[in-house]
Amino acid sequence: MCGIVGIVQQQETKIGKTIIEALTKLEYRGYDSVGIASIFDNKVLITKDQGKISEVTERIDINKIKGKIAIGHTRWATHGPPTKENAHPHTDCSGEISVIHNGIVENFRALKEELLNQGHSFQSETDTEIIPHMIEQLVKKEDILLKEAIIQVVRRLEGTFAICVVSSLEPDKIFCAKRDSPLVIGINSDRMFCASDIPAFLDKTRKVVLLHDDEFVTLSSEGYEIIDFNTMVKIQRKPHIVSWKPEMAQKAGFPHFMLKEIHEQPNSLADYIRIKQPALNKIADKIYNAEKIFLLAAGTAHYSTLTGEHLIRKYAKKSCSAIISSEYESITSLIDEDTVILPVSQSGETMDTIMAIKNAKELGASILSAVNVIGSTITRHSDEVLYLYAGPEIGVAATKTYTAQTIAMWDIGLELGKLSGEIDNSEYLAARKLFQEIPTVVKQTIVRNEARANHIASWFAKKNSSFYLGRGLNLQTANEGALKMKEISYIHSEAYPAGESKHGPIALVEEDYPVVFVAPKDQTNKKMISNIMEMKARGATAIIVMEEGDKEIEELAKWKLEVPKGYSEMLTTIPYIIPLQVLAYYTAVRKNLNPDYPKNLSKVVTVL
Ligand code: BG6
């Protein structure tokens, strides 16, 4: 997820300052590098570097950025680490065409091959850089007009994109196109904006036009023209006036980043699935051939590694353990060159995990990591990296990065099952079909449970403690659900193996005591029913995450939170956490707490 902005104006007033201000309001969309393309004296000037906007603007003179037209980009790296070369904008060989992009071009490798064969040279590892070269090929070699060339190019892109193009060939226009990635237009009397999100220009204008998929826009200081880039039909779309305050706009209308990020999960999971990563099979091979396997993580990431632990045992038939990073000392005597370490981390900067990895490397282990932030410290110490592509997560309590970590564990697990033969070909294909459906199932689960969770929260918010019980794979769903409730509502919530509830927890249960059960319709279902009955007999109020239509379980629930059929076993730890994320969020809100910034917690713990 990146931030893109474009400005075209009638006056030549401080365009560099305006575009930097606009980009700064989009930093929540990505912040590892920043760049601007402006046109002055019929020349494209590119100013870009790695680093946050505040860091980069110290190194450049934004007053040097002159003229009436500019596009700007604040990056969240997906293809290629954060470096100056990988920062947007990207240009063609001549430097006359420059492009910024938010999204993922799935077919960029084949298109890059074609361009290399046509003699184009590349400066970056990004997918984006193929776009200006494709435009250049049509304009320079086939004498096609710039606008037509851009349209022909975007028709060939597979994946998601919102792009802005400026060129000295048409120095007073910005050309934009979008599919799946957001793009909006802001309208002023003497100036036009385009951006990923409204906050970019909300302090300049509230007059906004939202663009739809497969639309192409020509912006000039006098106005805008929208066409469907498949049919070339012109589209008349009136602007509307936005009432949001700037803060609200950064959350796309959601009251908190955490709720926005919960709702982003269908897209973030789709992005993970969309990008085929060569590291996946290398990681599965190395795990399959390793003697000893340890997963390493902290906090929420640790609970995602419990899915990995379960799947490696089940599908690779290998003993393996998920170790909390700060407990790494307990395994150092076992680590050698036949050991594989799998660190899982959203930030890639958790100090406990970094220190453990460094030591494991010294002892000869291979480091195969699953990380969200490209170029982060953990990725630099890894032999292979599986990226999570969840985009920046602003809420301190992990949500979309947890499901991204978990889907990565399932991705590895399915490959191990295929390698070991534990999953035959038809089972593998069926599992991969379910895998592709995960974004839709997560969306359905959010829609089905949000209002119900909000209702339960009005009761839960009055409680001081609770148990979360699960079995097998969904024990970690109970763990992560309890952690979410602890982290943001400050209600003591303890996850426990359901089979253990009679060895302790049951002593605390009294009338109307909250017990959350994660009870999918899998082989644990019958035993969960007896655990639920045991706890209810002592007065517990049962909140049950269950498969829709499971009548036996439903009868036991005071409140049910339902997951669509077919996900009680394969991939279960992804949809089954969704209702518990939403329950924790609304409980915190009901207690008038701010879920985005829970007390005493930080997004990344970079101290030991
Ligand atoms: C904690 C975060 O500080 O660190 C958790 O609040 C996170 O959400 C944990 O799971 C580990 O961080 P990371 O970046 O290594 O996944």
When each of Lys418/Lys521; Lys260/Lys551; Lys173/Lys400 is checked by Cα-Cα distance, pairs over 28 Å | Lys260/Lys551; Lys173/Lys400
What is the spin-label model distance, in nm, from Asn592 to Glu510 if the labels are put 7 Å beyond Cα along the C-beta direction?
-> 2.6
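Full-extension gain between Met248 and His212, please, as 0.36 nm times their residue separation minus the C-alpha to C-alpha distance. Walk me through the numbers on the way to the answer.
Numbers: separation 36, 0.36 × 36 = 12.96 nm, distance 2.16 nm.
Stretched out fully, the Met248 to His212 stretch lengthens by 10.8 nm.
Arrange Asp127, Asp285 by Cβ neighbour counts within 10 Å, fewest through most, would you? Please list the in-between numbers first.
Numbers: Asp127 25, Asp285 15.
Ascending number of Cβ neighbours within 10 Å: Asp285, Asp127.
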Net charge near Ala498, counting Lys/Arg +1 and Asp/Glu -1 over other residues with Cβ under 12 Å of its Cβ?
-> +2
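Quick one: Ser243, Ser347, fewest Cβ neighbours within 10 Å first, how do they rank?
By the 10 Å Cβ count, ascending, the order reads Ser243, Ser347.
So if we plug the beta-carbon distance of Asn63 and Gln11 into 1/(1 + (r/R0)^6) with R0 = 22 Å, what FRET efficiency do we get, rounded to 0.05? Let's see the in-between values first.
Numbers: r = 15 Å, r/R0 = 0.70.
About 0.90, to the nearest 0.05.
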Per q in 0.05, 0.09, 0.12 1/Å, what log10 I(q)/I(0) does a Debye calculation on the alpha-carbon atoms of the chain return?
-> -0.24, -0.75, -1.20
On Cα atoms only, tilt of 15-24 relative to the major axis of the chain in degrees = 10
Could you work out the local net charge near Ile241, counting Lys and Arg as +1, Asp and Glu as -1, over the other residues with Cβ closer than 9 Å to its Cβ?
-> +2
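What net charge do the residues around Met232 carry, taking every other residue with its C-beta under 15 Å from that of Met232, with Lys and Arg at +1 and Asp and Glu at -1?
Numbers: positive: Lys147, Arg155, Lys234; negative: Glu148, Asp214, Glu215, Glu225, Asp228.
Result for the neighbourhood of Met232: -2.
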Applied in sequence order to the range 313-319, the curve 6.51 cos²θ - 1.76 cosθ + 1.60 (Karplus, θ = phi - 60°) yields integer Hz couplings, x standing for Gly and Pro, of 4, 6, 9, 9, 6, 10, 6
Over the alpha carbons of the range 81-207, what is the largest minus smallest coordinate on each principal axis, giving the biggest first in Å?
-> 46, 32, 27
To the nearest 10 degrees, the tilt of helix 475-489 (Cα long axis) against the first principal axis of the alpha carbons of the chain is 70
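Between Lys565 and Lys526, what FRET efficiency follows from the Cβ-Cβ distance if R0 is 22 Å, with the result rounded to 0.05?
Details: r = 18 Å, r/R0 = 0.82.
It comes to 0.75.
What's the extension gain from Arg155 to Met533 if we count 0.36 nm per residue and subtract their Cα-Cα distance?
Details: separation 378, 0.36 × 378 = 136.08 nm, distance 5.81 nm.
Extra length available between Arg155 and Met533 comes to 130.3 nm.
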Report, in degrees rounded to the nearest 10, the 0 to 90 angle that the Cα long axis of helix 425-460 makes with the longest principal axis of the chain.
-> 80
Spin-label point model (7 Å from Cα, Cβ direction): what's the Lys603 to Ser220 distance in nm?
-> 4.1
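Set the Förster distance to 41 Å, then compute FRET efficiency between Ile144 and Asn425 from the Cβ-Cβ distance, nearest 0.05. Mind dumping the intermediate values first?
Values: r = 46 Å, r/R0 = 1.12.
Here the calculated transfer efficiency is 0.35.
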Where does each of 43-49, 180-186 land if you order them by average Cβ count within 10 Å, highest first?
-> 180-186, 43-49
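Could you work out the relative contact order of the range 3-249, using alpha carbon pairs under 8 angstrom and six or more residues apart, expressed as a whole percent?
On the way: 594 pairs, mean separation 50.1, N = 247.
Reported as a whole number, the value is 20 percent.
Bear in mind these aren't lab numbers, they're just calculated from the coordinates by the rules spelled out. Because the structure is a prediction, the values reported are computed rather than measured. Note that each Cβ is placed from the backbone with ideal geometry, even for glycine, and that neighbours are counted across all protein chains shown.
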